[in-house]
Each structure stands twice: as structure tokens, then as C-alpha cells.
Amino acid sequence: MERDWTRLGAALKASREARGLSQVAVGEAIGVKRGSLRNIENGDISKITPTVLAYARLVGWSEGSVSTVLSGGQPAVAPTDDSGARDAAAAEAIASAPEELPLRIQAALREGPLIDTAVISLPGDDDEGPDGQMVVIIKGRQNATPEQLKRALLRWEEAETKLRRTEDDTATDQD
């Protein structure tokens, strides 16, 4: 049976739009340029790549759905975990970085795939709570392999644990 790449692209696009995601947001979330997504959505591909699989996961398809759609079936919905949609929404916000940020920060926010985000309270000196918040955006290296992204995530998780421990220690000291 011949694989229908145009059908696959249309189904991915429909799932993306149903989730309210832009191509920019999906591209940021999975670490590819908008042109690559356009090629996928137009059916201008000829094999199942890690990018196609990442796109399918992001729009909520379960494992094996890409092959099923290529063969004429319908995608199955993966068990609910909105982290993909959350990541895409964060990527969308990052892609349209506020103009008040310095240009080098705006540029850095547009490079590489989004790995994670965090908001960490800055300790205050009084009983009124934190003096502010630190917004952390973790981006992977452009064209990073899945293994490199996994290592970057593990390094971030270690750093985040230390930052949050400091945040928790300060909160305890103030109590």
C-alpha cells in the first residue's frame, strides 16, 4: 500500500490548528524552522523522521499514529499530558519576545528548541514575601540531537534543584 504523505500533512495541520498552535510555536517546541513544518504539512516529505514524530507527539497523537494515518487510518489520541501544548504555548510567547528585552536576549530566545521554563521567587528581606521573580528559559543548542537535549535537560534539572533549594531555604528562614 502506498503511503499518503499529503494526508499525513493535512492531519497534522488539522491537529495543530485544533490545539490553537501556530507553526512558529510548534517549530520552537520541537526545534525546527517554519519551512520544515510547511513541508510536512504540504506532504513534501518521503519518510518518517524524528521531526515528524515529535510533531505528532506535540499535537497529541499516540505512538504509531503517523504510520496509521499514512495507511489511511485515523490518529489515536495519546493519554492526556498537556506538557506539549504548554511547551508550545511557552514557545509562542518566547518567539514574540517583548520589545523591552535587550536585542541579544530577544535573539537568544529565538534560537534552538525550548527545553523548559521556570519562575523562581527572589527572596525578600521582610515578611512581605519575595522581592521579585526570576524567569528562566532553557533553550537547547540549534540542531541538537535528542541525546544532547536530554543531557541539557538533566543539567537544567540539577541547576533548578539548587535554585529551588535556595528559594525554599530563604522562605524557611523568613518564617
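Data overview
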read-out	value
Length added when fully stretched, Met134-Lys150, from 0.36 nm per residue minus Cα-Cα	3.4 nm
For Ala76, distant residues with modelled amide H under 5 Å away	Ser62, Ser65
Highest to lowest packing among 17-30, 65-78, scored as the average C-beta count within 10 Å	17-30, 65-78
Derived scalar couplings ³J(HN,Hα) [the stretch 155-164; Karplus, 6.51 cos²θ - 1.76 cosθ + 1.60; whole Hz; x for Gly, Pro]	5, 5, 4, 5, 5, 4, 4, 5, 5, 5
Gain on full stretching of the segment that runs from Glu158 to Thr117 - 0.36 nm per residue minus C-alpha separation	13.4 nm
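Where a number appears in this text, it was derived from the coordinates with a stated rule and is not lab data. All of these numbers come straight from a predicted model, not from anything done at the bench. Ideal geometry is used to build each Cβ from the backbone, glycine not excepted, and the neighbour counts take in all protein chains shown.
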